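Report on the structure given below.
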Amino acid sequence: MTRIDAKFAALKAEGRKAFVSYIMAGDPDFDSSLQLMKGLPAAGVDVIELGLPFTDPMADGPTIQLAGQRALEAGQTLDRTLAMARSFREGDDTTPIVMMGYYNPIYSRGVDRFLAEAKEAGIDGLIIVDLPPEEDTELCIPAQKAGLNFIRLATPTTDDRRLPKVLQNTSGFVYYVSITGITGAANAEAGDVGPEVARIKAQTDLPVIVGFGIKTPEAAEAIASVADGAVVGSAIVKLVEEGRPVPEILDFVAGLAAGAHRA
Amino acid sequence: MAEDLVNSFMTGPDENGRFGIFGGRFVSETLMPLILDLEAEYEKAKTDASFWAEMDDLWKHYVGRPSPLYFAPRLTEHLGGAKVYMKRDELNHTGAHKINNVLGQILLARRMGKERIIAETGAGQHGVATATVCAKFGLKCVVYMGAHDVERQAPNVFRMRLLGAEVVPVTSGRGTLKDAMNDALRDWVTNVRDTFYCIGTVAGPHPYPAMVRDFQSIIGKEVRWQLAEQEGEGRLPDTVIAAIGGGSNAMGLFYPFLDDPSVNIIGVEAGGKGVDDRMQHCASLTGGRPGVLHGNRTYLLQDDDGQILEGFSISAGLDYPGIGPEHSWLHDTGRAQYVSITDDEALAAFQLCCQLEGIIPALEPSHALAHVTKIAPGLPKDHIIVMNMCGRGDKDIFTVARHLGFDMGG
C-alpha cells in the first residue's frame with residue numbers, strides 16, 4: 001500500500017473529500033518552493049502534486065508554462081526536484097507526493113534509474129501527461145512494478161468504449177480533467193462534472209479526483225461535492241508568479257482546502 | 001527488393017505507429033480518441049479510389065502536378081561531375097511542396113466533418129498552403145507562427161491574412177516553429193471536438209508521420225517515371241538529396257526509393273553556425289539524441305536533463321529541434337545518410353543557383369543544393385543526382401539581402 005492508498009483509505013474512513021494542490025518544483029527558486037511545499041500539509045493539503053519543469057509543457061496554459069520557465073532559469077533539474085522530495089520527507093512521512101510532468105526528462109534519465117531514485121526520494125505516484133494507455137509499456141507498467149502509483153488522466157473525450165482501457169493500469173486515484181483544454185483556462189462546472197465522475201465511478205473503485213479550471217474555495221467545494229476531491233494548480237502558481245510571500249500563498253491554499261473539506 | 005517484405009524499408013510504421021523505437025503516440029488523453037478516429041479515417045481513405053481520384057484531380061488542376069524534373073545543365077557543367085536534376089516542387093501552387101500534404105489532410109477533415117483547421121508554420125509555407133486550401137473549401141483557418149518567424153517571414157504572414165486565415169504570433173519560448181507547434185497542440189486540446197490539426201511535416205503522433213509521408217511521396221513517385229522518361233527505361237537516380245527540418249519533402253522524395261539499394265539517400269540538416277558545442281544549429285540527427293516531444297520519439301536537440309534546446313538556422317523552415325521519426329529510424333538502420341550544411345554554405349548555393357540556372361531557391365532547398373555542390377565534383381559524369389527543389393525563394397529575399405549587406409529599404 002502506497003502513501004496515496006493509505007491517505008485515501010483514511011479520508012474515506014473519515015468521510016472527507018481530498019484536497020490536492022499542485023506547485024511547480026523550483027518556482028521561483030529551490031528554497032522558496034521547498035518552504036511552500038513543507039507548509040502545504042498544515043494548510044490542509046491531502047496530496048501534493050509536485051510539478052517537474054519542462055521546456056515544452058504542451059497541455060499547460062501560460063501560468064504553468066511561465067512557472068516552468070522560472071524554475072528552469074533558477075537552475076531546477078530532475079535531481080533538484082528529487083532533492084526537494086527527500087527534504088520534505090525528513091519532516092513528513094505520510095503526505096503523498098505525486099510527481100506531475102512530461103515524459104522526456106524521465107526518458108532522458110532512463111526509466112529504471114528514475115524509478116529507483118524517485119522511490120528512494122519518497123515519491124509515491126506519477127502523472128505523466130503525454131503517456132496515454134497506448135504507451136503503457138514505457139513507464140506505467142515499470143512504475144507499478146517499482147511500487148509507485150501511475151495515475152491516469154480521464155477527460156471529457158474519454159468515452160465509455162475507451163474508459164476501460166484508461167482505467168486498466170491506473171492506480172492510486174483517477175484524475176478527471178474537467179474541461180477539454182489546458183491548465184488554468186476555462187472554469188470547471190460542477191453540473192457538467194458530476195455525471196462524468198459518476199460515469200467513471202461506475203467502472204472503478206478508485207477515488208476520482210477532479211482538476212483543471214478550479215480557482216476559488218467555492219469552486220473547490222462545488223467540485224469536491226460531486227467527486228472524491230478537487231485539485232487546484234494554476235490559481236496557486238499564479239500567486240508565486242505575482243511574487244507573494246509564502247505565508248500569504250499558504251493562507252490562500254488553506255482557504256481552498258477548507259472549501260474542498262466543506263464538501 | 002520490394003517483394004521481399006521481411007527486408008523492406010517500406011512497411012513501417014507498425015500498428016503502434018513505431019518505426020523501430022521511433023514514433024508512437026505520446027499525447028494527452030484528451031487528444032487520444034481523436035487521433036484514433038483520424039487513424040481510422042485515414043485507413044479508410046487510403047484504400048478508397050474516390051479519395052485518390054479527388055486528390056489526383058486537385059493535384060493536377062489546382063496544384064499543377066506533376067512538377068517538372070529538370071536537368072540543370074550549367075550547374076552540372078560548373079560542378080564538373082555528376083548530372084544534377086532538380087525536382088521542381090517550387091513550381092507548385094503556393095510555391096512549395098507543402099500543399100501536396102495539405103490537400104490530403106483537408107480532404108480528410110472534410111470527411112470527418114471538421115470545419116475549423118489549425119496549423120503551425122515556420123517559414124510560413126505550410127501556413128500559406130493551409131490558408132489557401134481552407135479558402136478554397138470555405139473552412140475557418142487559424143495558423144500558429146512563432147513571433148520571431150512572423151518578423152522574418154513578413155510576406156507570408158500577409159499572404160495568409162489575404163487568404164482569410166487568422167495568424168497567431170506565438171511568444172512562448174524563443175518564438176519559432178517548436179513553440180508554434182506547442183500552441184497549436186494547446187488549441188487542439190481546447191477545441192478538440194470541431195477542430196482538425198493539419199500538421200505540416202512528417203512528425204507528431206501516429207498517424208501523422210505516415211500520413212504526411214504518403215501524401216508527399218507523390219514527389220518520389222513522379223521522379224521514378226520522369227527520370228525513366230528522360231534517361232531511359234528502368235534508370236533510377238544514383239543519389240537523391242533533400243533538405244530536412246521536420247523532413248516532409250525529404251520523406252516524399254526518399255520513400256519510393258527505400259527498397260532500391262542502388263539509390264543512395266542523403267538528408268541535409270541545417271547546420272546553422274556549425275554543428276558543435278555552441279548548439280547554434282538544427283541538426284537533430286548529427287547533434288541530438290533520442291527523446292520524446294510533440295507526440296513522437298525521435299532524435300532531439302536537448303540538454304543532459306532532457307530539456308529541449310532551441311534550434312538555430314538562417315532558414316525558418318528548418319528551425320526545429322526535432323526530426324520526423326522515420327528519418328531517425330532510417331538514420332539508425334543506415335539506410336539513409338544524414339549530413340549538415342551551415343548557413344554560409346546554404347547562402348553560397350542560393351546565389352550559385354540564381355546565377356547558373358535562373359532559379360531563386362528557398363533557403364531550405366539551398367541546404368540540399370549546397371551538399372550537391374560538395375559531392376557532385378567527385379562523382380562520375382554518368383552518376384545521376386536528383387535534389388528536391390522543394391520551395392522557391394521569394395519569401396527569403398529580405399533575409400538573404402540582409403546577410404549579403406544589401407539595403408532593401410523599409
Per-residue mean of other chain beta-carbon atoms within 10 angstrom of the beta-carbon, peptide A:150-158? 4
Fully extended, how many nm does the chain gain between B:R289 and B:L356 (0.36 nm per residue separation, minus their Cα-Cα distance)? 20.3 nm
For the protein assembly as shown: accessible area per residue (Å², 1.4 Å): 34
Could you work out which residue, out of A:V197, A:V246, A:V231, moves most in a Gaussian network model of chain A, that is, has the largest mean-square fluctuation with Cα springs under 10 Å? A:V246
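Just to verify a number: FRET efficiency for B:Q230 and B:D332, C-beta to C-beta distance, R0 = 35 Å, to 0.05? Don't skip to the answer; put the middle values down first.
Working: r = 34 Å, r/R0 = 0.98.
About 0.55, to the nearest 0.05.
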Those GluC sites (Glu not before Pro) in region A:189-263 that DSSP places in a loop and that have at most 16 other beta carbons within 10 Å: A:E189, A:E242
Can you tell which of A:G51, B:L177, B:L300 lies farthest toward the positive end of the dipole of the protein assembly as shown, using +1 and -1 charges on the Cβ of basic and acidic side chains (Lys, Arg; Asp, Glu)? B:L177
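Multiply the residue separation of A:K119 and A:D79 by 0.36 nm, subtract the distance between their alpha-carbon atoms, and state the gained length in nm to one decimal.
Values: separation 40, 0.36 × 40 = 14.40 nm, distance 1.31 nm.
Computed gain between A:K119 and A:D79 is 13.1 nm.
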Using amide H atoms built in the peptide plane, which far-off residues or other-chain residues are under 5 Å from B:V170 H to H? B:M145, B:G146, B:A147
Partner shielding of B:297-308, as the mean number of partner chain Cβ atoms within 10 Å, equals 5
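Rounded to the nearest 0.05, what FRET efficiency do A:R244 and B:W52 have when you use their Cβ-Cβ distance and R0 = 60 Å?
Values: r = 60 Å, r/R0 = 0.99.
Computed FRET efficiency for A:R244 and B:W52 comes out at 0.50.
Note down the magnitude of the dipole of chain A about its Cα centre, charges +1 on Lys and Arg C-beta and -1 on Asp and Glu C-beta and zero elsewhere, to the nearest 20 debye. Provide the component values of the computation, followed by the final result.
On the way: 24 positive and 36 negative charges, 96 e Å.
The dipole magnitude comes to about 460 debye.
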Region A:3-262 shape via C-alpha gyration tensor axes, a/c threshold 1.5: rounded
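Mind checking the full-extension length gain between B:Y62 and B:D344? Use 0.36 nm per residue of separation minus the Cα-Cα distance, one decimal, nm.
Details: separation 282, 0.36 × 282 = 101.52 nm, distance 3.57 nm.
Extra length from B:Y62 to B:D344 when fully extended: 98.0 nm.
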Peptides ranked, highest mean first, by Cβ atoms within 10 Å: ranges A:130-138, B:126-134: B:126-134, A:130-138
Free-standing Cys, chain B [no other Cys Cβ under 4.7 Å]: B:C198, B:C282, B:C353, B:C354, B:C390
Per DSSP H run of at least 4 residues, take -39500 (n - 2.57); add these up for chain B, divide by its residues and hand me the 222 nm value, nearest 500 deg cm²/dmol. -12000 deg cm²/dmol
At R0 = 45 Å, FRET efficiency that the Cβ-Cβ distance of A:M1 and A:D31 yields, to 0.05: 0.85
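Got the relative contact order for region A:3-262 handy, in percent, Cα pairs under 8 Å and 6 or more residues apart? Please list the in-between numbers first.
Working: 508 pairs, mean separation 59.4, N = 260.
That works out to 23 percent.
Of all DSSP beta bridges located in the protein assembly as shown, what percent are antiparallel, nearest 5?
Working: 15 of 77 bridges.
Once the DSSP bridges in the protein assembly as shown are tallied, antiparallel ones form about 20 percent.
Within 10 Å, count the other beta carbons around each residue, average over each peptide in B:385-397, B:151-163, and list them highest first. Numbers along the way, then the final one.
Working: B:385-397: 25.1, B:151-163: 18.5.
Descending mean neighbour count gives B:385-397, B:151-163.
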Which of the three applies to region B:250-353, rounded, prolate or oblate, going by the alpha-carbon gyration tensor with a ≥ b ≥ c and a/c under 1.5 meaning rounded? oblate
Under 5 Å between amide hydrogens, which residues at least 5 positions from B:G274 or on another chain qualify, with H placed 1.01 Å from N in the peptide plane? B:D343
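Averaged over peptide A:54-64, how many Cβ atoms belonging to another chain are found within 10 Å of each residue's Cβ? Working shown, then result.
Working: counts 5, 15, 12, 3, 15, 9, 2, 2, 3, 0, 0.
That average works out to 6.
So if I place +1 on the C-beta of Lys and Arg and -1 on the C-beta of Asp and Glu, and nothing else carries charge, what would the dipole magnitude of the protein assembly as shown be about its Cα centre? I want it in debye, nearest 20.
Values: 62 positive and 88 negative charges, 157 e Å.
That gives a dipole near 760 debye.
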Farthest toward positive dipole pole in the protein assembly as shown [+1 Lys/Arg, -1 Asp/Glu at C-beta], among B:A346, B:G272, B:A165: B:A165
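Antiparallel as a % of all DSSP beta bridges within chain B, to the nearest 5?
30
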In sequence order, calculated HN-Hα J values of region A:31-42 (Karplus, 6.51, -1.76, 1.60; Hz; x Gly/Pro): 5, 6, 6, 5, 4, 4, 4, 5, x, 5, x, 5
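Under a Cβ-only charge scheme (Lys and Arg +1, Asp and Glu -1), can you give me the dipole magnitude of region B:168-255 about the Cα centre, in debye to the nearest 20? Please list the in-between numbers first.
Values: 8 positive and 10 negative charges, 64 e Å.
Computed charge dipole of region B:168-255: roughly 300 debye.
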Can you work out the Karplus-derived ³J(HN,Hα) for every residue in region B:110-123? Use 6.51 cos²θ - 1.76 cosθ + 1.60 with θ = phi - 60°, whole Hz, and x for glycine or proline. 5, 5, 8, x, 8, 10, 10, 10, 10, 8, 10, 8, x, 5
Which of the lysines could a cross-linker bridge to B:K83, judged by Cα under 27 Å and excluding same-chain residues fewer than eight apart? B:K98, B:K221, B:K374, B:K381
Aspartates and glutamates whose Cα lies under 17 Å from that of B:K273, excluding same-chain neighbours fewer than 8 positions away: B:E310, B:D319, B:D343, B:D344, B:E345, B:E364
Under a cut-off of 27 Å between alpha-carbon atoms, report the lysines in cross-link reach of A:K215, not counting same-chain residues fewer than 8 places apart. A:K7, A:K12, A:K17, A:K38, A:K201, A:K238
Highest mean first, how do B:331-341, A:253-263, B:294-304 rank when packing is the count of other Cβ atoms within 10 Å averaged over residues? B:294-304, A:253-263, B:331-341
What is the spin-label model distance, in nm, from B:R116 to B:D304 if the labels are put 7 Å beyond Cα along the C-beta direction? 4.5
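Rounded, prolate or oblate, given the Cα gyration tensor of chain B, with a/c below 1.5 counting as rounded? Don't jump to the answer; show the numbers that get you there.
Values: a/c = 1.33, a/b = 1.17, b/c = 1.14.
It comes out rounded by the Cα gyration axes.
The values are calculated or read from the model by the stated rules, or taken from the named source; none is laboratory data. What you see is a predicted model; the values in this text were computed from it and never measured. Positions of Cβ are backbone-derived with ideal geometry, glycine not excepted, and every protein chain shown enters the neighbour counts. Note: accessible area is taken over every heavy atom of the protein model, side chains too, but ligands, DNA and RNA are not part of it. Shrake-Rupley method; radii C 1.70, N 1.55, O 1.52, S 1.80 Å.
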